[in-house]
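Shown next, in structure tokens, is the structure this report addresses.
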Amino acid sequence: MNALHPDSAAIVVAVGDEALRAEAIHAAAATSHDVLTVTDPRDVPRSLPGAFAVLVDSLMARVVAAAQRPHTAPVPVLFLAADPGPIDYEAALACHAESAFIIPAQVKELLAGIAAAGTPQETRPGSATIAVVGASGGVGASTFAAALARTQCAADGRALLIDAHAYSGGLDLLLGVEAEAGARWPELTVGDGSIDAADLYRALPTTPDGVAVLSTARSTVADPFRLEKDLLARVVGAAHAGEGLCVVDCTPETVPDACTHVVIVVAAEVRSAASAAQLIARFGAARRSCVVVLRQRQWASLSAAEVESIIHSTVLAELPTARGLTRAVEIGGLPQRLPAPLRKAAHAVLEEVGA
């Protein structure tokens, strides 16, 4: 049947594949919620508001994504793929799915996901998934990404720092855990099923203060490693569905769909500010929330007000050069006790994104 005005406790089944739809309806009927089926894409926008959860597949993912309204309370979306898979993670992330399941093999996990959909996001303090990008080279975006994760852990939170730069050299070096046991990108085996966030944390090297680090490999010429977009999307999607802060250090071109915010680190210089203006426009068109951090370098020529006039956006925090920080990082990694200006800027960003 078409669900035009669903009850607030209804599970909406928007699955295009007929056989998979039958499995989804059967699973949803095992809960205590009403089940409302949508087969006409035109009915989807009227079916989402107030729904308890939405079950969707790759055929309806884009329709659900287009029907989601940025200024209303989000409806939990659970993505389904027919057994034996694989899961189309690009489609799952496009509709902002919290989890993905292969059905009927993972019906038990799907029921647990439906139950978890009833837990409001506010009851999971510190939960956020953000990307950090530099508007230009050498602005310290990787250092600030690590500072965000470290600041979250200092506040008794949980943080995962993901290195999505193809030639970064490795964030494990930045945090001084290059000798710690744990998986790097090439050793990470995820298979075709869903990824559990808790298992992901346990598999990675962790700093003494609790930052889990998924680092780029320092590959040899004979055995190069290339981070595929699908693998990055799956891992970030898993972290997004779990608890805690996930920080992705990446380029503007590799920002995963699951990231709820993009932190742009911009130098107080004309070319960097002009680049930031273009990035803000691009991310705004994609409905991504942007946070701007201004990096003051010794040769910087612009004030915060001048940068704001160029980027047509507010500078949330300013980051001056921390004397001695570069040397400290080279010797032993980013200090656990961050310099006060870096810590202050990180706090401001975490408050802004709701972490």
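So the values come out like this:
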{"quantity": "Nearest 10 degrees, 0 to 90: helix 58-67 Cα axis against the chain principal axis", "calculated": "70 degrees"}
{"quantity": "Rotationally averaged projected area of segment 219-280 (alpha carbon convex hull; nm²)", "calculated": "6.2 nm²"}
{"quantity": "Values of log10 I(q)/I(0), in the order q = 0.06, 0.07, 0.14 Å⁻¹, for the chain under a Debye, Cα-only, solvent-free model", "calculated": "-0.24, -0.32, -1.13"}
{"quantity": "Cα extents of segment 247-355 along the three principal axes, largest first (Å)", "calculated": "41, 33, 24"}
{"quantity": "Residues with amide H under 5 Å from that of Q296, placed H, sequence gap 5 or more", "calculated": "L319, T321"}
{"quantity": "Rounded percent of accessible protein surface that carbon and sulfur make up, the chain, 1.4 Å probe", "calculated": "52 percent"}
{"quantity": "Accessible solvent surface per residue of the chain, calculated while the other protein chains remain in place, 1.4 angstrom probe, Å²", "calculated": "47 Å²"}
{"quantity": "Nearest-ten-degree value, helix 107-116 long axis tilted from longest Cα axis of the chain", "calculated": "70 degrees"}
{"quantity": "Probe 1.4 Å - accessible area at I311, Å² to nearest ten", "calculated": "10 Å²"}
{"quantity": "Sum of side-chain charges, L204 neighbourhood, beta-carbon under 14 Å (Lys, Arg +1; Asp, Glu -1)", "calculated": "-4"}
{"quantity": "Range of Cα positions in segment 129-276 per principal axis (Å), largest first", "calculated": "45, 42, 29"}
{"quantity": "Centre separation in Å (Cα based) which lies between segment 5-65 and segment 244-323", "calculated": "38 Å"}
{"quantity": "Under 5 Å, built H, 5+ apart or other chain: amide partners of G16", "calculated": "D57, L59, M60"}
{"quantity": "In degrees, nearest ten, helix 340-353 long axis to first principal axis of the chain (Cα)", "calculated": "20 degrees"}
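The values are calculated or read from the model by the stated rules, or taken from the named source; none is laboratory data. Model, not experiment: these values are computed from the prediction. Every residue, glycine as well, gets a Cβ built from its backbone with ideal geometry; the counts of neighbours run over all protein chains shown. Ligands, DNA and RNA are stripped out before the accessible areas are found, and what is left, the full protein with its side chains, is counted by its heavy atoms. Shrake-Rupley method; radii C 1.70, N 1.55, O 1.52, S 1.80 Å.
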